[in-house]
Amino acid sequence: MWRASCSLSNLKARAELYALIRAFFVARKVLEVETPILSTSTATDPQLESISASVRKNMGSEAEPYFLHTSPEFPMKRLLASGSGAIYQICKTFRNGESGRKHNPEFSMLEWYRPGFSLSELMQELELLMSDALGTNSAENLSYRDAFLRYVDIDPFEITDELLAIKARELAEYAGPKLSRDDNLNLILSICIEPFLGAENPCFLCEYPPSQASLAQICLSSAGHLVAQRFELYINGMELANGYYELTDAQEQSKRFDQDNQERCLAGLPAIPPDENLVAAMAHGLPACSGVAVGLDRVLMLKVGVQSIDEVLTFPISRA
């Protein structure tokens, strides 16, 4: 167990991938930045569990609660509000309770923000990066609604909660406790739809329900539904990236933090202190921008053609 779980060739492939990414952004004059991994706050999303840490600022001082970040998003947005312009970061991120063929509690992420970019412009840039890194073709754009209609004949915006729960039990063979509407949608998406996305060409899944907006802005779709200005990128059935046309309203951000914590309490999860530094930065003025996070370990899995994340990590959690 002391040996690395990945091969030397995969170690070299990671170094080549990172060099390619850095050259890609240098050519586009996007600044590489570094932000703290430790923070006094973390993501409030009920679907995420952060890893906590106790920190003493001085040897004799009392330990204070901190978190290992689930994403560098909050401090990067503080840089944007400070006038940084376009920025990117390659870093380690941490999410508790996530181990498996495509998950490890500690993983590598590329995240970047483009002030003045629309969501479609960011998608085009991501498409170019994936073409350089993986040799992929042009991507398909598929709305969340059309994906459900295509693969499971469900309109996710019109179906009742009761019928959706029945469909989740039937289609996903779910027999557990009662789930929320979003949990039922996520279950059907992960089991019945995701495996088919990006099978031939990369697929951008867009226009999520507003309840799944996270930190994205809301708009009206061509079908007349309120939707999140958000996308996820899939290649060969694997989710690689999650992007937003970013929320810039500080009051709305505070409201969403509160809503998340209400959901956490209902689910029996601990409340997370909202990141007041982020809210203050947004109140100062976060520029209109689009941003995306990319799971680099998964990109590397596709690049070298392996089925398990352990094959591209030096020491996964089982060997840490």
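The values are calculated or read from the model by the stated rules, or taken from the named source; none is laboratory data. Model, not experiment: these values are computed from the prediction. All Cβ positions, even for glycine, are placed from backbone atoms using ideal geometry, and neighbour counts span all protein chains on display.
Working carefully through the options Arg264, Arg230, find the one that is under 18 Å from the mean Cα position of the chain (by Cα) and either among the charged types (D, E, K, R) or not in a helix (DSSP H, G or I) (or both).
Working: Arg264 fails: under 18 Å from the mean Cα position of the chain (by Cα).
On inspection, the qualifying residue turns out to be Arg230.
Residue by residue, here is whether (1) within 20 Å of Trp112 (Cβ to Cβ); (2) β-branched (Val, Ile, Thr); (3) in contact (Cβ under 8 Å) with a residue 40 or more places away in the chain holds:
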{"site": "Tyr18", "(1), (2), (3)": "yes, no, yes"}
{"site": "Ile21", "(1), (2), (3)": "yes, yes, yes"}
{"site": "Lys29", "(1), (2), (3)": "yes, no, yes"}
{"site": "Val33", "(1), (2), (3)": "yes, yes, yes"}
{"site": "Pro36", "(1), (2), (3)": "yes, no, no"}
{"site": "Ser39", "(1), (2), (3)": "yes, no, yes"}
{"site": "Ser50", "(1), (2), (3)": "no, no, yes"}
{"site": "Asn58", "(1), (2), (3)": "no, no, no"}
Condition first: out of contact with any helix residue (DSSP H, G or I) (no Cβ under 9 Å at 6 or more places or on another chain) and crowded, with 22+ Cβ neighbours inside 10 Å. Now tell me which residues in segment 187-220 satisfy that. Gly198
Being of a type in the set (Ser, Thr, Tyr) and part of a helix (DSSP H, G or I) is the filter; apply it to segment 4-46 and report the residue that is surrounded by the most Cβ atoms within 10 Å (Cβ to Cβ). Tyr18
Selection count, segment 152-189, where residues are within 18 Å of Pro210 (Cβ to Cβ), part of a loop (DSSP other than H, G, I, E, B), hydrophobic (A, V, I, L, M, F, W, C) and out of contact with any Pro (no Cβ under 8 Å at 6 or more places or on another chain): 2
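What's the total number of residues in segment 267-294 that are at pLDDT 95 or above and either over 19 Å from Ala216 (Cα atoms) or in a helix (DSSP H, G or I) (or both)? Walk me through it before giving the result.
Step one: list which residues in segment 267-294 are at pLDDT 95 or above, which gives 275-294.
Among the residues that remain, those that are also either over 19 Å from Ala216 (Cα atoms) or in a helix (DSSP H, G or I) (or both) are: 276-285.
Selection size over segment 267-294: 10.
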Out of Leu302, Leu313, I need the residue that is in contact (Cβ under 8 Å) with a residue 24 or more places away in the chain, buried (at least 20 other Cβ atoms within 10 Å of the Cβ) and among the aliphatic types (A, V, I, L, M). Which one? Leu313
So which residues in segment 1-56 are of a type in the set (Ser, Thr, Tyr) and touching a helix residue (DSSP H, G or I) at 6+ places or on another chain (Cβ under 9 Å)? Ser5, Ser7, Ser9, Tyr18, Thr35, Ser39, Thr40, Ser41, Thr42, Thr44
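Can you tell me how many residues within segment 49-66 are part of a strand (DSSP E or B), of a type in the set (Gly, Ala, Ser) and surrounded by 12 or more Cβ atoms within 10 Å (Cβ to Cβ)?
So the answer is 2.
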Hits in segment 107-140 (condition: of a type in the set (Asp, Glu) and either touching a helix residue (DSSP H, G or I) at 6+ places or on another chain (Cβ under 7 Å) or over 17 Å from Gly85 (Cα atoms) (or both)): Glu111, Glu127, Asp132, Glu140
Could you check, for segment 129-148, whether at least one of its residues is touching a Leu at 6+ places or on another chain (Cβ under 9 Å), part of a helix (DSSP H, G or I) and free of Cβ contacts under 8 Å to residues at least 60 places away in the same chain? yes
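Going by the conditions given, is Ala223 buried (at least 16 other Cβ atoms within 10 Å of the Cβ) and closer than 24 Å to Leu149 by Cβ?
Details: buried (at least 16 other Cβ atoms within 10 Å of the Cβ): no; closer than 24 Å to Leu149 by Cβ: yes.
No; evaluated as a whole, the condition is false for this residue.
Identify the residue in segment 204-226 that is over 17 Å from the mean Cα position of the chain (by Cα) and assigned to a loop (DSSP other than H, G, I, E, B) and, among all such residues, is modelled with the lowest pLDDT. Steps first, please.
At the first step, the residues of segment 204-226 found to be over 17 Å from the mean Cα position of the chain (by Cα) are 218-226.
Pick out the ones that are also assigned to a loop (DSSP other than H, G, I, E, B) and you get 221-225.
On the way: Ser221: 93, Ser222: 83, Ala223: 87, Gly224: 92, His225: 95.
By that ranking, first place goes to Ser222.
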Ser120 fails exactly one of the following numbered conditions: (1) crowded, with 21+ Cβ neighbours inside 10 Å; (2) part of a helix (DSSP H, G or I). What is the number of that condition? (1)
